[in-house]
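Reading through the structure tokens given below for one structure.
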Amino acid sequence: VSGIGNMHAFQYTLQFHWLSNKIIVFIVAAILGTFMGIISRKRGALVGKMLKGEAAQNAEATLGKYDSMVRIISFIMPVLLLVIIYFSVSGRLGAQ
């Protein structure tokens, strides 16, 4: 919200392209975070069923898929955070 407010306040010139890039990366991170929450909830439910002995036949394979997705997203999220920080620092230094 503050980034969009800044874009509006400064009448968004090409000088502030770093701000739009930062907002785009933030939106991607928010979507991946939501996806990670959904996967984690499904994984937790599956592990609970496996502990109770109520899981389906292919539960191990499904758990492996969930684990690999969590591992990939856990790698991507810090990279996106570093990109957001990079845009913040380089954009503000370049705007002065």
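If I take R0 = 25 Å and measure r between the Cβ atoms of ASP67 and SER88 in this structure, what FRET efficiency does the formula 1/(1 + (r/R0)^6) give, to the nearest 0.05? All intermediate terms of the calculation are to be shown ahead of the outcome.
Details: r = 32 Å, r/R0 = 1.30.
The value I calculate is 0.15.
Here the simple spin-label model places points 7 Å from the Cα toward Cβ, and for LYS52 and LEU32 these points are separated by 3.4 nm.
Any read-out appearing in this document is the output of simple, stated calculations on the displayed coordinates, not a laboratory observation. Remember, predicted model here, so these are calculated numbers, not experimental data. Ideal geometry is used to build each Cβ from the backbone, glycine not excepted, and the neighbour counts take in all protein chains shown.
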